[in-house]
Amino acid sequence: MRPRLLDYIILSGTLFIIGIFSFNAYGKALTPEECIITSPKGTWVYPLSKDSTLAVDGTLGVMEIEIHDGKVRVVFSPCKEKICIQTGAISKTGTWIACVPNRVFLKIEGKGDDETDTDSF
Amino acid sequence: MTKLSPKILFLSGLLVLPAFLFQNNLPAKASQTALFIILCAAGSRRMLILPPLIAFFSVTLMNLLSPHGEVLITIGRFPITETALHTGLHRALTLIGLIYLSKLAITRHTRLPGTLGALIAKTFFFFERMTEEWKNIKEKRLLVKLDTLMLTLEAAPAAAKKTGSSAPSSRRASIMFALIFITGNWLLLVLTLAIPHA
Amino acid sequence: MMKQTRIPSDTLNRIALLAGLAFLLSAVEYTIPKPLPFIRLGLANFPILIALTCFSPPQVLLLVVLKILGQGLIQGTLFSYTFLLSASGSFSSALVMIFLYRWGGKRISLIGVSIAGALVSNLIQIYLAGFLIAGAAVALIGPPFLIIGLVSSVFLGILAQRFVQTSRWVKNVQHMDGTAE
């Protein structure tokens with residue numbers, strides 16, 4: 001009794017699928033891209049993979065932040081200049097948006113390609 | 001617990017199921033899970049405490065690995081986030097609670113109705129006979145031994161017609177238990193739904 | 001509820017016998033010490049592989065139902081996620097195995113069928129577990145789970161194929177029922 005043609009095909013197919021699964025699993029799961037938001041009121045972490053709308057409390061008031069399609073942007077802010085809103089959307093690791101008057105900082109972290117060299121604020 | 005009618009227990013379990021599944025309030029869910037575990041322990045002498053504990057911590061931990069929400073504490077470089085913690089606890093409690101709710105609702109005397117029930121009964125019968133006959137077969141080679149076992153068992157059909165060894169059960173106690181159990185859990189659900197989630 | 005009138009009682013008896021074997025193997029698997037609790041060896045798939053060669057697809061599915069219900073009743077986990085996971089895994093793998101066995105004909109043996117069945121069952125359980133219980137972290141446990149499943153399904157397939165080719169019981173069934181492949 002020996003294995004037949006389709007047995008080998010199925011075996012290779014299975015090994016292939018397991019390979020792809022592992023690659024994705026250990027690739028994505030261990031290095032997710034997340035948005036870390038810091039304000040005097042606390043720190044928040046949100047994955048870029050899930051669309052969401054967030055309300056973050058800063059010194060001046062509540063900021064509205066939107067995560068959509070893997071990108072983060074500030075929708076509303078109680079500050080005067082609205083520079084943070086004008087910064088637009090960020091999505092690459094190492095990029096950041098800051099609202100200085102409100103003392104809220106958003107930064108993207110993960111092990112993707114670093115956009116910037118500096119790590120410190 | 002052992003004096004309660006299997007049918008009523010099964011029905012109670014089924015009816016409480018939604019009241020547990022839809023419960024989103026964590027303390028309420030935790031108390032329900034604790035209740036199920038306690039009721040189970042009351043029914044059977046030995047209960048392993050390690051498995052549910054391990055399950056609880058590992059499920060919570062696994063959910064914490066996908067950080068989400070406000071950071072509560074950071075251990076080293078690992079942030080413990082609020083939403084992730086909440087989801088983790090909720091899923092862990094649901095998992096464990098469901099298991100013990102099931103164990104509560106299903107006893108060794110539980111019978112399924114109809115032809116399917118009869119088939120399952122026959123299956124259990126074969127299962128028990130197999131465990132006995134396996135030792136009696138002299139053959140050493142695994143596959144041949146298995147073959148012989150199956151031939152032997154098929155030749156001796158359901159000789160022991162186990163007329164549903166139904167244990168004596170108090171109908172009154174069963175109904176009382178069912179009523180309290182079912183209404184209690186549903187009341188809890190209604191209460192937590194009525195009180196807006198902070 | 002069931003097209004029971006079309007299945008002769010002899011066959012029902014044999015299906016119940018195989019289901020009993022499935023319980024036995026489940027019990028055996030339960031007693032094997034495992035480094036990690038979630039690892040499934042799938043020993044209880046052995047009777048299903050055998051059934052593929054002796055019974056028609058609806059009958060094989062009946063066996064699967066018995067196996068699933070029985071495990072739910074023995075462990076008392078009928079209402080829980082555990083049951084949902086293993087039931088979904090068992091069903092989907094049974095469907096795939098039935099399809100492959102029929103479509104593959106001479107070009108496939110129970111080894112390939114077993115591998116495919118285990119893969120499908122494990123993938124579905126991983127997906128459901130991630131969705132219901134563990135979140136994305138389940139992907140970390142996925143690979144070892146799949147690899148162990150692969151290895152055990154290969155061995156199981158080899159055993160099943162060998163059994164089917166040498167077993168007198170199987171020959172009896174195939175000749176009597178006329179559903180021989």
Only Lys, Arg (+1) and Asp, Glu (-1) charged, at Cβ; chain B dipole about Cα centre in debye: 800 debye
Take the alpha-carbon positions of segment B:68-133, form their convex hull, and give its projected area averaged over all directions (one quarter of the hull surface) in nm². 8.5 nm²
Cβ-based charge dipole, the protein assembly as shown, positive-most Cα from A:VAL75, C:THR11, B:LEU14: C:THR11
Quick one: give the max-minus-min coordinate of the C-alpha atoms of segment C:9-173 along each principal axis, largest first, in Å. 48, 35, 28
Going 7 Å from the Cα of A:LYS82 in the Cα-to-Cβ direction, what parts of segment A:93-107 have a backbone nitrogen less than 20 Å from that spot? A:97-106
If you look at just the Cα atoms of chain A, how large are its Rg and its Dmax in Å? 21.0, 80
Return the subset of A:LYS41/B:LYS29; A:LYS50/A:LYS71; B:LYS103/C:LYS34 for which the Cα-Cα distance in this structure is over 21 Å, preserving the input order. A:LYS41/B:LYS29; B:LYS103/C:LYS34
How many Cβ atoms of partner chains, on average, are near each residue of B:128-136 if near means within 10 Å of its Cβ? 2
Note to self, the protein assembly as shown gives a 222 nm [θ] from helices alone (DSSP H runs n ≥ 4, -39500 (n - 2.57) apiece, / all residues, nearest 500) of -20000 deg cm²/dmol
Note down the magnitude of the dipole of the protein assembly as shown about its Cα centre, charges +1 on Lys and Arg C-beta and -1 on Asp and Glu C-beta and zero elsewhere, to the nearest 20 debye. 2340 debye
State, to one decimal in nm, how far the label point of B:GLU154 lies from the label point of A:THR53, with both points 7 Å from Cα in the Cβ direction. 6.6 nm
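Evaluate peptide A:72-83: per residue, the Cβ atoms of other protein chains within 10 Å of its Cβ; return the mean as an integer.
Average neighbour count from other chains, rounded to a whole number: 0.
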Given 37 °C, 0.692 mPa s and a Kirkwood radius over Cα pairs, the Stokes-Einstein diffusion coefficient of segment C:29-102 in µm²/s is 250 µm²/s
Sequence order, segment C:69-78: Karplus ³J(HN,Hα) from phi using 6.51 cos²θ - 1.76 cosθ + 1.60, θ = phi - 60°, Hz rounded, Gly and Pro as x, gives 4, x, 5, x, 6, 5, 7, x, 10, 4
Tell me, what is the FRET efficiency for C:ILE32 and B:LEU187 to the nearest 0.05, using R0 = 45 angstrom and their Cβ-Cβ distance as r? 0.55
Subtract the Cα-Cα distance of B:ILE180 and B:LYS145 from 0.36 nm times their separation in residues, and report this length gain in nm to one decimal. 7.4 nm
List the residues of segment A:66-110 whose backbone N lies under 14 Å from a point placed 7 Å from the Cα of A:LEU60 along the Cα-to-Cβ direction. A:74-87, A:98-105
Projected area, mean over directions - segment B:1-72, Cα convex hull, nm²: 6.4 nm²
Please get the size of the charge dipole for chain C, origin at its Cα centre, with Cβ charges of +1 on Lys and Arg and -1 on Asp and Glu, quoted in debye to the nearest 20. 300 debye
Taking a ≥ b ≥ c as the square roots of the Cα gyration tensor eigenvalues, with a/c under 1.5 meaning rounded and otherwise prolate when a/b beats b/c or oblate if not, chain B comes out oblate
So the pair-distance distribution of segment B:112-160, from every Cα-Cα distance in 10 Å bins, comes to percents of 24, 48, 21, 7
Using alpha-carbon positions, what is the distance between the centroids of segment C:111-181 and segment B:58-100, in Å? 32 Å
Can you compute the modelled spin-label distance between C:ASP10 and C:SER56, with each label point 7 Å from Cα toward Cβ, in nm? 1.6 nm
In whole angstrom, how long is each semi-axis of the equivalent ellipsoid of the protein assembly as shown, when you take the square root of 5 times every eigenvalue of its Cα gyration tensor and sort them from largest down? 50, 31, 17
Taking R0 as 35 Å and r as the Cβ-Cβ distance between C:SER92 and B:ILE80, the FRET efficiency 1/(1 + (r/R0)^6), rounded to the nearest 0.05, comes to 0.45
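Here, each number is a calculation from the coordinates, and none is a lab measurement. None of these values were measured; they are calculated from a predicted model. Glycine also receives a Cβ, built like all others from the backbone with ideal geometry; neighbour counts cover every protein chain displayed.
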